[in-house]
1. Using only alpha-carbon positions, what ratio does the radius of gyration of segment 168-350 give when scaled by 2.2 N^0.38 Å?
2. Count the net charge of all other residues whose Cβ sits under 10 Å from the Cβ of A216, scoring Lys and Arg as +1 and Asp and Glu as -1.
3. Can you list residues from other chains, or at least 5 along the same chain, whose modelled amide H is less than 5 Å from the amide H of S122?
4. What is the calculated FRET efficiency for K76 to L48, with r their C-beta to C-beta distance and R₀ = 45 Å, to the nearest 0.05?
5. For D167, D202, what's the fewest-to-most ordering of other Cβ within 10 Å of each Cβ?
6. Is the C-alpha gyration tensor of segment 263-310 telling us rounded, prolate or oblate? Criteria: a/c under 1.5 is rounded; beyond that, a/b larger than b/c is prolate, otherwise oblate.
7. Quick check: the distance between the Cα centres of segment 136-207 and segment 67-130, to the nearest angstrom?
8. Just to check I understand the Karplus step: with θ = phi - 60° and J = 6.51 cos²θ - 1.76 cosθ + 1.60, what whole-Hz values come out for segment 182-188, glycine and proline as x?
Amino acid sequence: MGLFVPAADWLAHHDVGSVKGSLHEMAVDNARGRLLTLGAGLFAAGALIFTARNFTLSRRTFRLTEQGQVTDRYTKAVEQLGSDKLDVRIGGIYALERVARDSARDHPTVMEVLTAFIREHSREHWPPPDHPADPNPTRSIRPDVQAAVTVVGRRDVERDIRVRPIDLTSAHLDGAHLAGAHLGGVHLNGAHLGGAWLDGADLTRATLTSAHLTGAHLGSAHLGGAWLNGADLTHADFRGAGLGGANLTGADLSGAWLGGAWLGGADLSGATLTGADFRGADLSGADLTAADFTDADLTRATLTGARFTGARFTGAKSPEGAPVPEGWERDTSSGRLKQAGTDSGPTEAN
C-alpha cells in the first residue's frame, strides 16, 4: 500500500501531465482503479497457481497413499494363500481379484500369482486322502483351485500383457466349472480338463496341445484358431461350437459330439474320428487327410471343398445326396460307406 499512492500519482501525471484541479483528481482516481484491477488480477492469478499446486501435491499424495494401500492388500492376500485353512485361502483369492480390479498395474502380477497357485495345487487330491467322511472319495477339483480358475476366467482381458499369456500348462482341472470363461490365447498344453464344463467359453487361439478333455462339455464354445493337436477329446461335447481354422491334427475325437459345429478350414489330418457325430456340422474346406471316420455319422454335414486323401470311412454315414469320397461307395443294405469293390459288408480300408 505504501507504493499505491505514488504509483497512482505517477500514472495520473503520465496521462494528463502537470495539469491541476479536477482533471488531475479524475486522472488519479482512474489510475487508482486500474491499479486496483491489476492488483486483484495478480492476487487471483497467485491464488489460482497456489490452488493448482496444492491440488497436484494432494493428488500425488493420494496416489501414493492409494498405491500403498493396494500393496498392503496384495501382501496380505498372498499371505492368505499359504494358510492351512480352506476358507482363508479362498478369501485370499477373492481379495487378489479385488486388487486386480482396482489396480490395472497390478492385474498381470495377480494373474501370475493365481495361475502359479493353480498349477502347483491342482494336482493335489480333493478331498484329501485322509478325509474321514469317505474312505474311497471320488476325486474332484479343490474348492480353492476352482475359485482361482474362476477368477482367472472372468478377469478383465484388456489388462492382460500380450507377451506374457495366461499359463495353465499341465494344470489338473478335471470337472472344473468354466462356462463362459475368458480363456482366449491361454496356454493349456497338457492340461487335464476331463468332464470340465466349458460351455460358451472363449478358447480362441488357445493352445491345448496334448490336453486331456475326455467327456468335456464345450457346447457353443469358441475355439477358432485353437491348437488341439494330439489332444484327447474322446466323447467330448462340441455341439454348436466354433472350431473354424482350429488345429486338430492327430487328435482323438472318438465318440465326440460335433453336431452343428463349425469346422470350416480346420485341420483334422490324421485325427481319429471313430463313431463321432457330425450331423449338421460344417466341414467346408477342412483338411481331413488320413482321418479315420470309421462308423462316424456325417448325416447333413457340409463337406464342400474338404480334402479326404487317405481318409477311412468304413461304416460311416455320409450326407444324403452328396458325392461319395473317391474310392468309397454306399452299401445298398445298410446305407453306410464301404471301400469300393468289396462284395460284402464294410471292411476296414488298407
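1. 1.01
2. The answer is -4.
3. The list, which skips near neighbours in sequence, is H172.
4. About 0.60, to the nearest 0.05.
5. Fewest-to-most Cβ neighbours within 10 Å comes out as D167, D202.
6. oblate
7. Segment 136-207 and segment 67-130 have Cα centres separated by 16 Å.
8. These are the phi-based 3J(HN,Hα) values: 8, 10, x, x, 6, 7, 10 Hz.
Only the coordinates and a few stated rules stand behind these numbers; no lab work does. Nothing here was measured: the structure is a model prediction, and the numbers come from that model. Here the Cβ is made from the backbone with ideal geometry for all residues, glycine too, and neighbour counts use every protein chain on show.
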